[in-house]
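K.L.:
Take a look at this one; I'll ask things after.
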């Protein structure tokens, strides 16, 4: 017996389709408005001011008399709003010049994304700043207050207090930096090694490549749960290996993987390295394949050995591919919330938390909303400053602007 | 220029070197595949011995009972299987997220790629900045906002949450692809009299269908197996996506490892195949910034 009935399917499908339809309608409305605004722009500055003031006046009137009106339902309010909009656009059109603005086209194309990003990113970010100045938590969810003092308290406890019971901000920060460095180093070396091995004509190359991408191809949630099972003290693969007579004879013993703080961190590193090498391998392999063999042939004539070739031909020519990938890999490792949370949950005693997992837990396992909002802002500022310094030091992100 | 072939020296690799290389690669493959094969073996274990330190790939008394339980429910306790319900929820939410991401992002990417307008450079920097927002940072304000709008535990709430990440990312990827389409094609069309809009529909859209498909696929795959955001927003079982559903197998005191593994295998197989099939494009999409031309 399965619980998915055709009734559930149809009702959920209707909900979703209605949503998409309303997005499309909003899209059309937005595009129509932008089109009018740019197709017959105001004739001069004076007209522009008149039109602007008219818009502001209509919005204010609507907001004061129509929106809070309890006598009208939402549909009627929306209808009035649309009618006002159409009337305004009519006036705008009549007053406008017949020479369309050249800016119309790009802004027409940009408008939906701008609105989307404003609603989905800018507004939540601003709301986050607001939350950082409240004392909202599980106990004060209906009675929270917004004040400067609350904000100061929150930011102070981010830097001096603990996230839950044990870890302080500086511990978690240093652990995050250690985590990122270790992982990226192993990702790049491992990926480079495998790519160099694969970059030659050989049998089974496709098979090797497919098998080696598996850790990346598997849904990360499942991979993390599988890895967690492997680090189980009694039933996991690692301890099974370490309990074998062969291992015991060289002095190795099973390890308390998930209950010992240090070994838990090691387990997480092993897991994330396993997960992250395929990406680097594929990127580097692609880069290696685009290096012309004439460079190598020419250098051989001059007597270069393979180490020399690697340092002076391969590495420099790989740089345009390596740099964005290392940046991407670093950001992904820094943000590896999935891996940390699903394999250890930050335990034991938050000794395996990195910044982002600490944030997630503060907000959703400990319900310290105000604190978590401040915490999130602090992490963002750290990342932002780091990026600024990095850009300054490496001479700019020219590629991004082009 | 002949590209892609290694140097003359490696063409003459000694047999010893070749054997060593194959050996290393085989070991690497075993390391890559082993945890996966373990999940498969756990899924095949009979129900009375879910946990054991047995390392064999096909366990003794291998059985497909776990798969049956996951797919069709438990006839003994008369509990129906929610597996298809979870998959259906995931499918709806993920398809809608990917669609909305495309609707909002595709025209913007074209604008960034083809036009110079006031605010273009700050706009690109802003997009870059959005990628620097730490994971989960916007989840908290979104959670509160959705709670206030009574959208928690609904499809719409999760779709909105997923769209937060899919829109800027889609713009970035699509812009990269549009950058690689030479502008001469549109100019030629415009000399022939088509407007910008005409050029968009008749030339750019057909040419960019592969990139639109890739952006759609990428958004689809990243929201399909997402757990941590869904866990915050969806709270009641009928709305669960499959990652949340699977975690119900991992109870507080007794994890139904067999069913957990069976469900994992069934979901992972199509997802992995999809990923492997599209991996070439994904990689080129991710590194567009670095390789020119």
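K.L.:
Are any of the residues in the stretch B:27-36 within 16 Å of residue A:237 (Cβ to Cβ) and modelled with pLDDT under 85?
P.N.:
no
K.L.:
Looking only at the stretch A:139-156, decide whether some residue is out of contact with any strand residue (DSSP E or B) (no Cβ under 9 Å at 6 or more places or on another chain), within 30 Å of residue A:286 (Cβ to Cβ) and surrounded by 14 or more Cβ atoms within 10 Å (Cβ to Cβ).
P.N.:
Within the stretch A:139-156, not a single residue is out of contact with any strand residue (DSSP E or B) (no Cβ under 9 Å at 6 or more places or on another chain), within 30 Å of residue A:286 (Cβ to Cβ) and surrounded by 14 or more Cβ atoms within 10 Å (Cβ to Cβ).
K.L.:
Do we find a residue being over 24 Å from the mean Cα position of the chain (by Cα) and within 9 Å of another protein chain (Cβ to nearest Cβ) anywhere in the stretch B:94-111?
P.N.:
Yes, the stretch B:94-111 has at least one match.
K.L.:
Failed condition for residue B:89, given (1) surrounded by fewer than 24 Cβ atoms within 10 Å (Cβ to Cβ); (2) within 30 Å of residue A:6 (Cα to Cα); (3) within 8 Å of chain A (Cβ to nearest Cβ), with all others met?
P.N.:
Residue B:89 satisfies every listed condition except (1).
K.L.:
Tell me, which helices (runs of 4 or more DSSP H) lie completely within the stretch A:68-178 with 3 or more residues that are within 14 Å of another protein chain (Cβ to nearest Cβ) and farther than 21 Å from residue A:22 by Cβ?
P.N.:
A:104-117, A:123-132
K.L.:
Right, here's the next one. Step by step: first the residues of the stretch A:342-355, then only those that are over 18 Å from residue A:173 (Cβ atoms) and not in a loop (DSSP other than H, G, I, E, B), then the one that is farthest from the other protein chains (Cβ to nearest Cβ). Which residue is that?
P.N.:
So, considering only residues that are over 18 Å from residue A:173 (Cβ atoms) and not in a loop (DSSP other than H, G, I, E, B), the one farthest from the other protein chains (Cβ to nearest Cβ) is A:343.
K.L.:
While we're looking at this one, here's another question. List the number of the failed condition for residue B:64; all other conditions in (1) surrounded by 15 or more Cβ atoms within 10 Å (Cβ to Cβ); (2) within 29 Å of the chain's Cα centre (by Cα) hold.
P.N.:
Condition (1) is where residue B:64 drops out.
K.L.:
Among the candidates A:247, A:264, single out the residue that is surrounded by fewer than 20 Cβ atoms within 10 Å (Cβ to Cβ), more than 13 Å from chain B (Cβ to nearest Cβ) and either under 27 Å from residue B:225 (Cβ atoms) or touching a helix residue (DSSP H, G or I) at 6+ places or on another chain (Cβ under 9 Å) (or both).
P.N.:
On inspection, the qualifying residue turns out to be A:247.
K.L.:
Now for a separate question. Here is a check on your reading of the model: is residue A:273 within 7 Å of chain B (Cβ to nearest Cβ) and within 28 Å of residue B:220 (Cα to Cα)?
P.N.:
no
K.L.:
I would also like to ask the following. Out of (1) within 30 Å of residue B:220 (Cα to Cα); (2) modelled with pLDDT of 85 or more, the odd one out for residue A:229 is which?
P.N.:
Result: residue A:229 fails condition (2) only.
K.L.:
Which one is farthest from residue B:45 (Cα to Cα) among residues in the stretch B:269-279 that are touching a helix residue (DSSP H, G or I) at 6+ places or on another chain (Cβ under 9 Å) and without any contact (Cβ under 8 Å) to a residue 60 or more places away in the chain?
P.N.:
B:279
K.L.:
A further question on this structure: Mind checking which helices (runs of 4 or more DSSP H) fall wholly inside the stretch B:198-293 and carry at least 3 residues that are surrounded by fewer than 19 Cβ atoms within 10 Å (Cβ to Cβ) and modelled with pLDDT under 85?
P.N.:
B:205-224, B:257-286
K.L.:
Going by the conditions given, is residue B:73 within 7 Å of chain A (Cβ to nearest Cβ), at positive phi and in contact with a strand residue (DSSP E or B) (Cβ under 8 Å, 6 or more places away or on another chain)?
P.N.:
So residue B:73 fits the description; yes.
K.L.:
Still on this model: Against the condition modelled with pLDDT under 70, more than 10 Å from every other protein chain (Cβ to nearest Cβ) and not in a helix (DSSP H, G or I), how does residue B:54 come out, does it pass?
P.N.:
no
K.L.:
Then there is this: When you go through (1) within 30 Å of residue A:230 (Cβ to Cβ); (2) modelled with pLDDT of 85 or more one by one for residue A:287, which number turns out not to apply?
P.N.:
(1)
K.L.:
Among B:203, B:214, which is the only one that is without any contact (Cβ under 8 Å) to a residue 40 or more places away in the chain, more than 9 Å from every other protein chain (Cβ to nearest Cβ) and either under 22 Å from residue A:223 (Cα atoms) or touching a helix residue (DSSP H, G or I) at 6+ places or on another chain (Cβ under 7 Å) (or both)?
P.N.:
Sole residue among the options that is without any contact (Cβ under 8 Å) to a residue 40 or more places away in the chain, more than 9 Å from every other protein chain (Cβ to nearest Cβ) and either under 22 Å from residue A:223 (Cα atoms) or touching a helix residue (DSSP H, G or I) at 6+ places or on another chain (Cβ under 7 Å) (or both): B:203.
Yes/no matrix, rows are residues, columns are (1) over 30 Å from residue A:368 (Cα atoms); (2) surrounded by fewer than 19 Cβ atoms within 10 Å (Cβ to Cβ); (3) not assigned by TED's automatic domain parsing to the domain that holds residue A:355:
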| position | (1), (2), (3) |
| --- | --- |
| A:169 | no, no, no |
| A:178 | no, yes, no |
| A:182 | yes, yes, no |
| A:186 | yes, yes, no |
| A:192 | yes, no, no |
| A:198 | yes, no, no |
| A:203 | yes, yes, no |
| A:206 | yes, yes, no |
| A:211 | yes, no, no |
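K.L.:
What about residue A:307, is it assigned to a helix (DSSP H, G or I) and either at pLDDT 85 or above or within 8 Å of chain B (Cβ to nearest Cβ) (or both)?
P.N.:
So residue A:307 does not fit the description; no.
The values are calculated or read from the model by the stated rules, or taken from the named source; none is laboratory data. Nothing here was measured: the structure is a model prediction, and the numbers come from that model. Cβ coordinates were reconstructed from backbone atoms using ideal geometry, including for glycine residues, and neighbour counts include every protein chain displayed.
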